[in-house]
Amino acid sequence: FGDQPLRGRRVVVSAGPTYEDIDPVRFIGNRSSGRMGFAVAGAARDAGADVTLVAGPVALPTPPGVRRVDVRSARQMHEAVLSAARGADIYIGAAAVGDYRPSETSEHKLKKASGAPLHLELTENPDIIASLAAADGRPFLVGFAAETRELASYAGEKLRRKGIDMIAANEVGGGKGFEVADNALHLYWPGGDESLPEMPKTDLARQLVARIAERFLSGSGT
Ligand code: C5P
């Protein structure tokens with residue numbers, strides 16, 4: 001395939017956390033730094049792709065030559081990804097999308113009610129990659145799975161349940177995965193798997209994109 005197996009292909013990558021507002025000063029978020037997804041976007045560009053990066057709130061520079069769309073909440077990310085993924089060849093969901101949001105966002109700052117517990121009701125967010133999987137003419141879909149245990153069984157289950165083409169699983173917690181420069185991934189696809197050992201996220205992103213290109217091209221008949 002040469003150095004640029006994705007030349008002429010359109011790739012959409014999501015990255016970073018989502019923030020779900022409770023009130024004007026508080027939110028529910030998570031510890032995703034966006035580094036893995038930004039590295040994947042840069043690696044896909046180097047592989048020749050036309051790349052759109054849908055980024056949650058992160059403090060990272062845009063990889064040169066990549067189109068970036070900034071969003072905050074899971075619902076905004078859902079909308080931005082669906083629109084960017086129309087006609088795209090590959091979607092790589094590296095974002096840590098919040099599973100839940102507060103059912104209501106208060107217009108004013110919530111006040112402390114001395115001593116009494118505060119109840120926050122949460123509503124489930126849409127599953128972005130699963131909704132892409134359900135669409136006709138969908139892109140090749142790659143999901144991430146960050147787990148603290150039982151990587152293989154959760155990843156296999158996720159591949160089937162979400163109806164996607166590949167899962168890149170990594171172990172998080174205990175200094176692994178989030179907010180660190182190195183990472184290791186285990187890739188699963190229907191009928192196979194491969195382990196990519198611990199290395200800097202930029203190197204890992206290159207290897208991941210090469211594997212995605214192989215699987216994508218073997219399925220698309222080109
Ligand atoms: O189910 P879980 O959150 O572990 O799955 C992770 C994968 O699913 C990631 O690729 C993530 O971007 C995607 N996801 C999504 N929409 C959600 C939750 C997760 O696209 N609401």
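The values are calculated or read from the model by the stated rules, or taken from the named source; none is laboratory data. Keep in mind that what you see is a predicted model, and the values were worked out from it rather than measured. Note: ideal-geometry Cβ built from the backbone for every residue, glycine included; neighbour counts use all protein chains shown. Protein only, heavy atoms only, side chains kept; ligands, DNA and RNA dropped before computing areas. Shrake-Rupley method; radii C 1.70, N 1.55, O 1.52, S 1.80 Å.
So which residues in the range 155-208 are in contact with a strand residue (DSSP E or B) (Cβ under 8 Å, 6 or more places away or on another chain), among the hydrophobic types (A, V, I, L, M, F, W, C) and more than 15 Å from the ligand (Cβ to nearest atom), if there are any at all?
181, 184, 196, 199, 204
If you go through the range 90-147, how many residues are among the β-branched types (Val, Ile, Thr), more than 30 Å from residue 204 (Cβ to Cβ) and open to solvent by less than 70 Å² (accessible area, probe 1.4 Å)?
The qualifying residues number 1.
Return the total of residues in the range 203-222 being in contact (Cβ under 8 Å) with a residue 24 or more places away in the chain and open to solvent by 80 Å² or more (accessible area, probe 1.4 Å).
Qualifying residue count, the range 203-222: 3.
Can you confirm whether residue 87 is under 30 Å from residue 216 (Cβ atoms), in contact with a Gly (Cβ under 7 Å, 6 or more places away or on another chain) and in contact (Cβ under 8 Å) with a residue 40 or more places away in the chain?
No.
Considering only residues that are surrounded by fewer than 23 Cβ atoms within 10 Å (Cβ to Cβ) and either in contact (Cβ under 8 Å) with a residue 60 or more places away in the chain or in contact with a strand residue (DSSP E or B) (Cβ under 8 Å, 6 or more places away or on another chain) (or both), which ones fall in the range 42-51?
42, 45, 46, 47, 50
Sort out which residues of the range 148-181 are assigned to a strand (DSSP E or B) and either among the β-branched types (Val, Ile, Thr) or exposed (fewer than 13 other Cβ atoms within 10 Å of the Cβ) (or both), and write them in order of number.
167, 173
For the subset of the range 63-89 comprising residues that are surrounded by fewer than 23 Cβ atoms within 10 Å (Cβ to Cβ) and β-branched (Val, Ile, Thr), which member is farthest from the ligand (Cβ to nearest atom)?
66
Can you tell me which condition residue 193 does not meet? The list is (1) open to solvent by 40 Å² or more (accessible area, probe 1.4 Å); (2) assigned to a helix (DSSP H, G or I); (3) not aliphatic (A, V, I, L, M), and all the others hold.
If we test residue 193 against (1) open to solvent by 40 Å² or more (accessible area, probe 1.4 Å); (2) assigned to a helix (DSSP H, G or I); (3) not aliphatic (A, V, I, L, M), just (2) comes out false.
Within the range 129-150, which residues are without any contact (Cβ under 8 Å) to a residue 40 or more places away in the chain and under 20 Å from residue 32 (Cβ atoms)?
Within the range 129-150, 129, 130, 145, 147, 148, 149 qualify.
Considering only the range 130-150, I want to know if a residue exists there that is in contact with a His (Cβ under 8 Å, 6 or more places away or on another chain), among the hydrophobic types (A, V, I, L, M, F, W, C) and within 9 Å of the ligand (Cβ to nearest atom).
No: zero hits.
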